[in-house]
1. Using a 1.4 angstrom probe on the protein heavy atoms only, could you order 241, 63 from most to least accessible area?
2. Taking every Cα atom in the range 288-360, find the radius of gyration and the maximum pairwise distance Dmax, and write them in Å.
3. Percent of accessible area on the chain owned by carbon and sulfur, 1.4 Å probe?
4. At a probe size of 1.4 Å, how large is the accessible area of residue 388, to the nearest 10 Å²?
5. Could you grab the relative contact order for the chain? Cα pairs under 8 Å, six or more apart, rounded to a whole percent.
6. Show me the chymotrypsin sites (Phe, Trp or Tyr not before Pro) within the range 242-313 that DSSP assigns to loop and that have at most 13 other Cβ atoms within 10 Å of their Cβ.
7. Show me the trypsin sites (Lys or Arg not before Pro) within the range 455-506 that DSSP assigns to loop and that have at most 11 other Cβ atoms within 10 Å of their Cβ.
8. At what distance in nm do the modelled label points of residue 223 and residue 18 sit from each other, each positioned 7 Å from its Cα along Cα→Cβ?
Amino acid sequence: MNAERLTIPINPMPDSDRLPHALYRAEQVRNLDRCAIAQYGIPGIELMNRAGEVAYRILRERWPDARDLTVLVGVGNNGGDGYVIARLARAEGLAVRLLQLGDPQRVTGDAAISRDAWRDAGGTIEPYRGLPRRSDVLVDALLGTGLERPVEGLWAEAIQALDRQRAPVLAVDIPSGLHADTGRVMGVAVRADVTVSFIGLKQGLFIGAGPEYCGEIRFSALSIPARVYAGEVASARRIDWDQQAARFGRRPRTAHKGTFGHLLVIGGAPGLSGAVRLAGEAALRAGAGLVTIATHPAHSAWLNLSRPELMVSAVETSADLDPLIARADVVAIGPGLGREAWGRDLWESVLGLDLPMVVDADALNLLAESPRSGSDWVLTPHPGEAARLLGTDIAAIEQDRPAAVHALQGRYGGVVVLKGAGTLIRSDPLRPFAVCSDGNPGMATAGSGDVLTGVIGALRAQGLDAEDAACAGVCLHAAAGDRAARMGERGLVAGDIIAALRPVANRVPALQEDS
Ligand SMILES: NC(=O)C1=CN([C@@H]2O[C@H](COP(=O)(O)OP(=O)(O)OC[C@H]3O[C@@H](n4cnc5c(N)ncnc54)[C@H](O)[C@@H]3O)[C@@H](O)[C@H]2O)[C@@H](O)CC1
Ligand SMILES: [K+]
């Protein structure tokens, strides 16, 4: 694998059935709606009809045998989409019950036009008092991007009732109760089997609880002109290995191991040797030419024997690091470093270095004790480390992950990778941050973070800049995790992710027996 600097476009419109990469905040999607209506003369009711048609088509495609439909509508335009779906379903002969929440007097504008069209077609509106005993599919058109406060009362009861029943749920635009910007559950939220999102993909679908609540995500731009998107810079971009793999071409025939860089991994206090071993081995599997591990003398000889391809140097004090640093292109520090005198000495000695760095684990905890800003480093905190770095708690980080990664990057500089479901990567504050949509909960396992550190270090050693290495590394790690999870998420260990790195990095198709 030779890594190339490559500009990957952020496309707001899908080129095929795939999801677009551009993500937006709710306010931005409202601007896109407004622009399509005001500047391109597409009436709002036309957009609503298109939204309802797309959602209904997807519903029929996914559940062709459905006969009994229950549609829950709120009082805004999300409910308006629901009326369109109900009308189309009824016209095709399905039995439709439409249940309304909220004050019917507050239904105005396009939503009122859709409601009247539903009534004119012979449909009835029942106030919500509970779900019918039986439905083949339920449609959630309660709350969309207009969600503005936590869900309570009868609304919360309805969402909980949806959760208890067995039939599949199609969410219109976004699962009701999920915050479109942060992916936070505002009290309660609908757990959908399919979410059909319109005009612009909301970033909250991919962040925080989003992936847990959305089910399969489908998208339609509702055929608005591509020029509408020129006025809104995406707030975030969705990245995955399919897209990031484009950075890696054929290796030149003239290559030698120096071509692919030399990574120095620093860590492994007594009793913590596994972390550096995992990071080092992952770096080799992600294509680094040479990997040296600088670790405590207590286990250096053993480490060398256990994986002879790794070079291992015993380091008593930071003075022993100097000759190793002189030969390295990139330093990855933190796995198993500990916070005792030995680890502190090594951490302090690398702080002034003019080398690209990946900073993880205990190095992040030491950084939190005396904060400073760097320019050429990639920091890879999990939410606990992020909380220490920002002097807050994990709940505050998880409530608003985009704000957390923004604050981390502002305080510490460089590139910040905030790990967790939907890992976020933020570099230049003026550019959209990245969200990785690969990965699975099987990867929440000991050593998984050490593997990521090794992978990002290896990609930097192969010539990618900090941001590209972070994005490609996160996606390669996640895709390897997904490949490893074909054998099951439960019981997946970090070594399984390492084993999958090579076939994923080289795009070798999975064998039958893997799946
Ligand atoms: N022309 C457009 O703007 C289009 C809008 N579309 C749909 O319209 C939606 C946005 O519509 P709206 O802006 O009207 O907003 P919503 O329909 O999402 O909801 C807004 C209404 O819900 C109330 N509300 C907010 N939070 C609540 C809570 N926690 N509990 C109870 N009530 C709450 C608000 O007071 C307001 O009355 C999109 O998600 C999409 O489904 C689509 O039809 C495409 C075109
Ligand atoms: K909804």
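The values are calculated or read from the model by the stated rules, or taken from the named source; none is laboratory data. Not measured: the values here are computed from a predicted model. Every residue, glycine among them, receives a Cβ derived from its backbone with ideal geometry; neighbour counts consider all protein chains shown. To get the accessible areas, we keep the full protein, side chains included, count just its heavy atoms, and leave off ligands, DNA and RNA. Shrake-Rupley method; radii C 1.70, N 1.55, O 1.52, S 1.80 Å.
1. Most to least solvent-accessible, the answer reads 63, 241.
2. 11.8, 32
3. Carbon-and-sulfur percentage of accessible area, whole number: 48.
4. 110 Å²
5. Once divided by the residue count of the chain, the mean separation gives 14 percent.
6. Taking the range 242-313 and a limit of 13 other Cβ atoms within 10 Å, no loop chymotrypsin sites (Phe, Trp or Tyr not before Pro) are found.
7. 490
8. Modelled inter-label distance: 2.5 nm.
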